[in-house]
Structures are given as C-alpha cells and as structure tokens.
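The structure appears right after this line, and notes come after that.
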C-alpha cells in the first residue's frame, strides 16, 4: 500500500491541490518543504501519478486525472521502446560481432578498457588490459573523463605499441566512448561494446581494476597521480607472476611478442 492508501488526511490534501491544478511534482516538493518534520507526508510525485493512473486502486478520485495539464486519463510513456534513442550518435559494434579469435585469447593484440573513478566521479584513470598476456597500460587523464579527452589519451597510449599488438578494443557503454568512431579513424583500431550491465564480458579488465584499487582506493582523488606514478604502478602489476600465465609475468609474455624470433 502507498502512503496515499494509508493516510486519508494526506490523500485529501493531495486531492485538494490537484483540484487547484498543482502538478504532482509541485505537490511533492511543497509537502516536503512545508512539513519537513513529518516524513509520513513526504510523497514522491511518481506515487501521485500511480495513484491517478493505476486502475482499480481508488486512492484518488478518477476525475482528478482530468485536472492534470496533460488532460489525459491514462499515463503515456514518454518514449516507446521502439523509439528509444541510440546510446551514441555513431552506431556501436557490439561484442557479439567481435572476431572469434578474440574470445580464445590465442591471438595477441585484443584489449579491454575501462575507467576507474575517483571521489564523486570527479577524476578518473583509464585502464587497458591485453587479453592474452594480461599486460596493463594506465591512461593518464589530466583533462577529465569527457569523451574527447579520453579519446585523445587512449589514442596516444595505444600508438606507443606496434600495430600488430593493438588489433581491437572492447569497452562498456560509458559516455566517455561517445567519440569511438573518431578514435577508430585516428588509430585504425575497431571498438566493440559490451552488453549493458555485463562486466564479465571484460573479465580481464574487471579483475585488473580490482587489483588497481590497492593503489587507487575508492573515494580518493585520482587526479593527484601523475603520469610517472601511473607508469610505475603498471610496471609493478606487469612484473607480478600470474597463475593464468603459468607463473610468467605479463611483462615477460609481452616481451616475447616484441622480440623477433629467428
């Protein structure tokens, strides 16, 4: 039961204000302001809408729906599912379209990326992990985590490696990748996007981000770490032997790929 079900005095007050052509949001805000010490009178505007529009509940008189500015007697979703706006202006290529060679980790050069965020999401560090070697690169973001600073910093970071060791990048659908098409144009590296709420699709990166929290705790200001410190942290992680690599280190695995065989 909603508060309007349980509190007839509150219900009558809301009805009166609807008759006065107050919107549900105006009612909600003023009740909180006028009765700050009476939380039982604090009702969300969504609750008022539900009371008006849900059939058969009877919390509010049905005729009151006509007092709303829309004049509608039933609620209409703001956007139908088929009209839902795409996440980015440039269409995403989803992880399901990623080449099969990426999945089995047999071919090096496929990277997973993400941001770890600082206090109040005001600062960030970019993280890149190569899938076959677990090699980590940290991306310094002194100009913030907007789409353009992230794009430029990522491009500068990946271009430090030979082209055959950067074949693709997989990322989640964070707004920092809004200019992914321009990143691909500048670097010739395709970007694949994970499904929503599916962090396991970037498992190597998620695991590495957990390790990085030892160096960059949650709730701290990440902007205090300069590029040299990020490189030192990455070097330490890349120097740790990994069980998944048969106790090789990521640095050793990458070195084998960089050293020409005769």
query: To the nearest 10 degrees, how steep is helix 147-158 against the longest Cα principal axis of the chain, on a 0 to 90 scale?
result: 20
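Using a ≥ b ≥ c from the Cα gyration tensor of the range 82-225 (square roots of the eigenvalues), is it rounded, prolate or oblate, where a/c under 1.5 gives rounded and otherwise the larger of a/b and b/c decides, a/b for prolate?
Since a/c stays below 1.5, the shape of the range 82-225 is classed as rounded.
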Radius of gyration, Dmax [the range 181-226; alpha carbons; angstrom]: 14.5, 35
message: Run the numbers for residue 20 and residue 159: contour at 0.36 nm per residue of separation, minus the present Cα-Cα distance, in nm.
response: 43.7 nm
query: In deg cm²/dmol and to the nearest 500, what is the mean residue ellipticity at 222 nm of the chain if only DSSP H runs of at least 4 residues count, each as -39500 (n - 2.57), divided by the residue total?
result: -10000 deg cm²/dmol
- request: Sort the following peptides by mean Cβ neighbour count (other Cβ atoms within 10 Å, averaged over residues), highest first: 6-18, 27-39.
  value: 6-18, 27-39
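How big is D, in µm² s⁻¹, for the chain by Stokes-Einstein at 20 °C and 1.002 mPa s if Rh is the Kirkwood radius over C-alpha pairs?
96
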message: With just the Cα atoms defining each centre, how far is the range 87-106 from the range 221-262? Give it in Å.
response: 25
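Remind me, relative contact order of the chain in percent, using alpha carbon pairs under 8 angstrom and six or more residues apart?
Computed value for the chain: 16 percent relative contact order.
Any read-out appearing in this document is the output of simple, stated calculations on the displayed coordinates, not a laboratory observation. As the structure is a prediction and not an experimental result, all values here were calculated from the model. Cβ atoms come from the backbone with ideal geometry, glycine included; neighbour counts cover every protein chain shown.
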